[in-house]
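*Asks:* Pasting a structure below so you can have a look.
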2 protein chains.
Amino acid sequence: MIEDKNSARTPLSELGEFGLIDHLTKNFEIKQPTTDVGIGDDAAILDFGDQKCVISTDLLIEGVHFDLSYVPLKHLGYKSVMVNLSDIYAMNATASQITVSIAVSNRFPLEALEELYAGIQTAANLYNVDVIGGDTTSSTSGLIISITALGYAKQEEITYRSGAKNNDLLVVSGDLGAAYMGLQVLEREKQVFNVNPNAQPDLDQYTYLIERQLKPEARKDIPELLKALEVQPTSMIDISDGLSSETIHLCTKSEVGVHLYEEKIPLDPAVISICEEFNLNSTTVALNGGEDYELLFTIKQEDYPKIKANPNLTVIGHMTDKNDGMGLVTRANEKIEIQAQGWNPIKKEG
Amino acid sequence: MIEDKNSARTPLSELGEFGLIDHLTKNFEIKQPTTDVGIGDDAAILDFGDQKCVISTDLLIEGVHFDLSYVPLKHLGYKSVMVNLSDIYAMNATASQITVSIAVSNRFPLEALEELYAGIQTAANLYNVDVIGGDTTSSTSGLIISITALGYAKQEEITYRSGAKNNDLLVVSGDLGAAYMGLQVLEREKQVFNVNPNAQPDLDQYTYLIERQLKPEARKDIPELLKALEVQPTSMIDISDGLSSETIHLCTKSEVGVHLYEEKIPLDPAVISICEEFNLNSTTVALNGGEDYELLFTIKQEDYPKIKANPNLTVIGHMTDKNDGMGLVTRANEKIEIQAQGWNPIKKEG
């Protein structure tokens, strides 16, 4: 889409570095009470009062983390913010600010960066975070996006990966595997397009999957919900690399084992259906697919009544003694050791 | 130096993403009282108590900001930290934490990244900042370094670009132009090397210039000195793009003019000498060279006695009414309008 011949194309050289930053950030308003000063000086000034400051950072590289042949720049801007805010929510904290640095080669016209920043601004507005700084520079090859997210929480609310105890319940928000299958659909369409550029894809039935891949939503609502339900999670992590990988992180950091029940893993019907189409095992996709940006956390058994009726939350297992290991209990009631696969290719296993 | 055939070369693929982060950051200790939790969870946790949090970020790209054919990776790591801390000091604040994200192509062996991180660690130790997080990812081409620096200051100590008043004195730390001339020397040696790879360069006489380019020091000491002298600067900025560009920023943000005196601009004898060798005007080099990472600030006239004896500080001018414009008063007592040139090529003007 950035090669659209009908669009206006303003070379970045027309603005210069300072002109570019000013142009791209002129509509960013400061709304957060914790932001004293945003863009425009050597640094931004924040005031978290008596709360703790939570900070996380991510680097997104064209050709590694995204493929501009099917990712619209506006969606990419939005998703870049989500990826970072998800880490703040995974601390059970409130996200409040981001800094955004980008490097671009001069194949990008100004209009392309405006699209990217429109996505960033939409995300910042919807998630109630201020864009307080950043850097804009040239790149020798592709597009690079570096975002740092900040937030705050009270000491006693902060949730680490390391707090899970034996017998705690393992809970996940939303459903899993859709973002990965959305990527498979997009990759397939790219192959079709490469063979026949005139093919008109009909992607209607894949809308949910593609949205989960291109425009994921970070779970801002989950820390809010848990607070409203008066549930303090004992450990928490966001699912960026896949359920297996993140479960292993919680177990390792908390020094516990886990029983994770295959039949409990929440799957959208669209995921089940597409897995049949692609001849993939949906459990494997949910375990290893990644990019769901759901929250995986543990709660005390006694908090179960508070969450059991909530459609956003699914109990998928419970923590065990460390010596029991990390096991997936299959539908056939067999126990298989959970292994991290992250982004390795997934093949149907049975 | 990263192509040294005698060095050990461990492919990054041997470690994997998590192994790499753990390996590179295993020696980083938490020392700052404002750091509650560093690397190892979804986010780091900071506590600035009743002080303001100051935050700044920069992105450094191979082929744009640095040339690995003459920049040792250890120096690059060190300089990347300096560039960011300089922004914190320019707020008259104390730097306390950094996050470091890097993207590398697989042409870099593990040993190269260890060199880079050794420089980062040296800088963090010397400047008393904690490395609290970051991201390590692959890149399709060169090396990318994204650093976010955090610090703190009391509300009343924070110094913006916008606080200068008519009649305030304009003061600069250290001396100017050496980093730019160091770059010229290195570029010349690269040309010589390209023509005759066996030439043995004798760079002894250029040591100061090359050090200022390859291993600049951020002026941590200046906010400390000003506090000890009981001087609250009225405005401040760090010199990354050159004296002209930064002076213009102070004037524009503060809505004042300036008289900057050519004869007062502090130059090291090595800069004067190399400018003659390269047939460049040393004033132009000081005004437009950049990368000095000195601090440029304004103080009230009444504070002059407190700073006048200090060898680190030079009064180079005074602020005027906005309508007087921004003028360089030359040695011939002519007034020339100051223009931002930043990194454009510099030609000898007279």
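Rule-based calculations on the coordinates, nothing more; no lab input. A quick note: this is a predicted structure, and the numbers were derived from the prediction, not measured. Neighbour counts are summed over all protein chains in view; Cβ atoms, including those assigned to glycine, are modelled from backbone coordinates with ideal geometry.
*Asks:* Most mobile of B:Asp324, B:Asp204, B:Asp168 per a Gaussian network model of chain B (Cα springs, under 10 Å)?
*Replies:* B:Asp204
*Asks:* Turning to a different aspect of this structure: My understanding is that a pair violates if its Cα-Cα distance is over 28 Å; which of A:Lys31/A:Lys154; A:Lys264/B:Lys26; A:Lys26/A:Lys220 do that in this structure?
*Replies:* Violating the 28 Å Cα-Cα cut-off are A:Lys264/B:Lys26.
*Asks:* Something else now. I'd like the antiparallel share, as a percent to the nearest 5, of DSSP beta bridges with both residues in region B:12-157.
*Replies:* Expressed as a percentage, antiparallel bridges in region B:12-157 total about 70.
*Asks:* What lysines could a cross-link reach from A:Lys322, if we take a straight Cα to Cα line under 16 Å and drop same-chain neighbours fewer than 8 places away?
*Replies:* By straight Cα distance, A:Lys322 reaches A:Lys165, A:Lys253, A:Lys335.
*Asks:* Further question on the same structure: I need the fraction of alpha carbon pairs in the protein assembly as shown separated by more than 39 Å, rounded to a whole percent. Present the calculation step by step, with values, prior to reporting the outcome.
*Replies:* Working: 91369 of 244650 pairs.
Value for the protein assembly as shown (Cα pairs over 39 Å): 37 percent.
*Asks:* Same structure, new question: Most mobile of A:Ala179, A:Ala164, A:Ala309 per a Gaussian network model of chain A (Cα springs, under 10 Å)?
*Replies:* Looking only at A:Ala179, A:Ala164, A:Ala309, the largest GNM fluctuation is found for A:Ala309.
*Asks:* Size of the dipole of the protein assembly as shown about the Cα centre, Lys and Arg at +1 and Asp and Glu at -1 on the beta carbon, nothing else charged, in debye to 20?
*Replies:* 20
*Asks:* Oh, and also: Inverting the mean 1/r over all pairs of different Cα atoms, compute the Kirkwood radius of region A:12-153 and quote it in Å.
*Replies:* The answer is 15.3 Å.
*Asks:* Over chain A, with a Gaussian network built from C-alpha contacts below 10 Å, which listed residue (A:Leu250, A:Leu126, A:Leu296) shows the highest mean-square fluctuation?
*Replies:* Looking only at A:Leu250, A:Leu126, A:Leu296, the biggest GNM fluctuation is shown by A:Leu126.
*Asks:* Which aspartates and glutamates have a Cα lying under 14 Å from the Cα of B:Lys79, excluding residues fewer than 8 positions away in the same chain?
*Replies:* Cross-link targets: B:Asp58, B:Glu62, B:Asp67, B:Asp87, B:Glu115, B:Glu211, B:Glu217, B:Glu291, B:Asp292, B:Glu294.
*Asks:* Would you mind ranking A:Glu211, B:Glu14, A:Glu114 by Cβ crowding within 10 Å, fewest neighbours first?
*Replies:* Details: A:Glu211 15, B:Glu14 10, A:Glu114 18.
Fewest to most other Cβ atoms nearby, the residues stand as B:Glu14, A:Glu211, A:Glu114.
*Asks:* I would also like to ask the following. Less than 13 Å Cβ to Cβ from B:Thr207, Lys/Arg counted +1 and Asp/Glu -1: what total charge do the surrounding residues give?
*Replies:* Once all neighbours under 13 Å are counted, the net charge is -2.
*Asks:* Report the Cα centroid-to-centroid distance between region A:157-211 and region B:79-151 in angstrom, as an integer.
*Replies:* Each part's Cα centre sits 32 Å from the other's.
*Asks:* Ranked by Cβ crowding within 10 angstrom, fewest neighbours first, how are B:Tyr127, A:Tyr89 ordered?
*Replies:* The fewest-first ordering by Cβ neighbours comes to B:Tyr127, A:Tyr89.
*Asks:* Neighbouring Cβ atoms within 10 Å as the yardstick, rank B:Arg331, A:Arg107, B:Arg212 fewest first.
*Replies:* Starting with the residue having the fewest Cβ neighbours, the order is B:Arg331, A:Arg107, B:Arg212.
*Asks:* Just need the relative contact order of chain B here, percent rounded to a whole number, with Cα pairs under 8 Å and 6+ apart.
*Replies:* 21
*Asks:* Per residue, how much space in cubic angstrom lies within the convex hull of the C-alpha atoms of region B:169-337?
*Replies:* Normalising the Cα hull of region B:169-337 by residue number yields 120 Å³.
*Asks:* Along the positive direction of the dipole of region A:130-228 (beta-carbon charges: Lys, Arg +1; Asp, Glu -1; about the Cα centre), which of A:Thr136, A:Asn167, A:Leu225 reaches farthest?
*Replies:* Farthest towards the positive end: A:Asn167.
*Asks:* For chain B, what does the convex hull of the Cα positions come to per residue, in cubic angstrom?
*Replies:* Working: hull volume 50.6 nm³, N = 350.
It comes to 145 Å³ per residue, whole-number rounded.
*Asks:* Other chains near A:87-94: what is the mean number of their Cβ atoms within 10 Å of each residue's Cβ? Present the calculation step by step, with values, prior to reporting the outcome.
*Replies:* Values: counts 4, 2, 2, 3, 6, 1, 3, 0.
Mean partner-chain Cβ count within 10 Å for A:87-94: 3.
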